[in-house]
Structures are given as C-alpha cells and as structure tokens.
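The structure appears below as structure tokens.
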Amino acid sequence: MNGMQSHPVAIVAVLLGLSCAAILPTCVYLYVEPRGRLNWATPGDSPERRRAPVLVRVAAWTSLAMGQLALPWLAVPIGCGALIYLQAQLGILRPAGLVVSVLALAMSLAEVLVSVGLWPLGIRLLVRGERLADRVRRRARLVLAASAATIGTGGLVSWLLSGSPRLVHPWLRAVLERAAIWPIEVYAAVCLVHAIVLGQCLRVLADHSAFKAPTYPRSE
C-alpha cells in the first residue's frame, strides 16, 4: 500500500522539478527571442511573421534547458571522485571498482563539457549569430559523438557490473548503477536526441530564404 502511494508523490516531485528547471531557459528565451527577430527578416515579410523557424526555436530552448544542467550535473563527477576516495579510505579499493568509478567520472565530466557549449548555442540560434550553420554542425557532431560513446561505454560498464558481481564491492555496485551509470545513460540518450534535432535544424537553416550572416544595426 505504501508503495502504491509513493508513485503519485514521485510523479509530482518529478513534474515540480521539471517545472522549476524550465524557468531559467524560458525567461532567457522570452528575453532574447524578440530581440533576434530582426535578424530573421526576409524580403517582403511582415513584423508579425518575422521570427526564427519553429524548429530553430525549439532547438534554441532545448539548448538553453540542457545548458543550464552543466552546473548541477557537476555533482555526478564530484560524487564519482568521492566514491574513489571513500573506497581508498575503507580499504576496499579494487582495480575493477577503480576502473568503473573512473569511467563514470569521465563520462559524466564529458557530459558537463558538452552541456556548457549548448547554452551559448541556444542564444546564437535565436539571434541568428554569425556562422550559425557551422557552429550548429560542429556542436551537433560533438554531441552525437560524445553521446554515442557514453551510451556504449555505459552499456559495457552495466554489463560488466551485472555479469561479474564479484569484481566490484556490492554496495559500490549498487551506488554506481543507481546514482551514476543510469542517470548518465539517460542524459546521454537525451543529448543524442538533441543532436538529431540540431541536425534537422541545419536543414531548416539551409532552406531558409536568403540565408546569410545577419547584419546588425549600428549604434550612433
């Protein structure tokens, strides 16, 4: 009975967390997007229709949302480093546990570095920054490669932990799987989807009429 009652609470907590996480990227989006509409002007359009394509705006908001996760996501590699230190202090440091912990630390740190670059990319998408297509292409390839490598490595680590339980201390295996590997895999999958969205965004940018580097009005 208690288990059945805990599910609504968990769902409400997740929804509340997602709502709070959406506040900052939404505020930045609402501030930047109207100021970048002039750069998306095309011949013969009207001020009401002068804005970035829908897919570009979606990619911009999701980039902002994922970019803000870079700071709190630092808790994952820090936690992996703390696990390595704790193993050494408790005298249960094994080669397999050390390797798995270092891999988790490296994967989570790579996700932090990828996320940091998505924040400025989201702003550039809204204001149609210079060399936008090249920036989007490079970032999409980087996110795609990092996400695919993380998913593959995480799957291998999970297989090793489940197939060879004696290689790693039981409590360490449980902590790594639930607090590191699974969240890292989920986040990598989200990044992979975002890389696909950025790839589709490239087609929109290429097909957009009169695509060129924007010219900003000079201040007198």
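Quick notes on this structure:
- Per-region count, the stretch 76-102, residues more than 11 Å from residue 172 (Cα to Cα), among the β-branched types (Val, Ile, Thr) and over 22 Å from the mean Cα position of the chain (by Cα): 1
- Within the stretch 87-96, restricting attention to residues that are touching a residue at least 12 places away in the same chain (Cβ under 8 Å) and either in contact with a Pro (Cβ under 6 Å, 6 or more places away or on another chain) or among the hydrophobic types (A, V, I, L, M, F, W, C) (or both), the residue that is surrounded by the most Cβ atoms within 10 Å (Cβ to Cβ) is 96.
- Looking across the stretch 128-166, the residues that are small (Gly, Ala, Ser) and out of contact with any Asp or Glu (no Cβ under 9 Å at 6 or more places or on another chain) come down to 129, 133, 140, 145, 148, 149, 152, 163, 164.
- When residues of the stretch 180-220 are limited to those that are modelled with pLDDT under 85, over 24 Å from residue 54 (Cα atoms) and not hydroxyl-bearing (Ser, Thr, Tyr), the one surrounded by the fewest Cβ atoms within 10 Å (Cβ to Cβ): 220
- Of all residue pairs spaced 6 or more apart or on separate chains, those with beta-carbon atoms under 7 Å, a first member in the stretch 29-44 that is within 16 Å of residue 205 (Cβ to Cβ) and part of a loop (DSSP other than H, G, I, E, B) and a second member that is modelled with pLDDT under 85 and not aliphatic (A, V, I, L, M) are 41/50; 42/209.
- Residues of the stretch 153-188 that turn out to be over 16 Å from residue 109 (Cα atoms) and among the small types (Gly, Ala, Ser), as a count: 6
- Among the residues of the stretch 26-54, those that are surrounded by 16 or more Cβ atoms within 10 Å (Cβ to Cβ), at pLDDT 90 or above and either closer than 15 Å to residue 129 by Cα or not β-branched (Val, Ile, Thr) (or both) comprise 29, 32, 33.
- Residue in the stretch 97-107 that is within 28 Å of residue 58 (Cα to Cα), surrounded by 14 or more Cβ atoms within 10 Å (Cβ to Cβ) and at pLDDT 85 or above present: yes
- Residues (crowded, with 18+ Cβ neighbours inside 10 Å, among the hydrophobic types (A, V, I, L, M, F, W, C) and assigned to a helix (DSSP H, G or I)) located in the stretch 152-174: 157, 161, 172
- The residue of the stretch 129-140 that is surrounded by the most Cβ atoms within 10 Å (Cβ to Cβ), among those that are in contact (Cβ under 8 Å) with a residue 12 or more places away in the chain and more than 12 Å from the chain's Cα centre (by Cα), is 136.
- For the stretch 109-127, filtered to residues that are out of contact with any Gly (no Cβ under 6 Å at 6 or more places or on another chain) and over 18 Å from residue 195 (Cβ atoms), the residue that is surrounded by the fewest Cβ atoms within 10 Å (Cβ to Cβ) is 109.
- Unique match (being closer than 26 Å to residue 187 by Cα, loosely packed, with under 15 Cβ neighbours inside 10 Å, out of contact with any Lys or Arg (no Cβ under 8 Å at 6 or more places or on another chain) and modelled with pLDDT of 90 or more) among 78, 23: 78
The values are calculated or read from the model by the stated rules, or taken from the named source; none is laboratory data. Quick caveat, the model's predicted, so the values are computed rather than measured. No Cβ is skipped: glycine too gets one built from the backbone with ideal geometry, and neighbour counts run over all protein chains shown.
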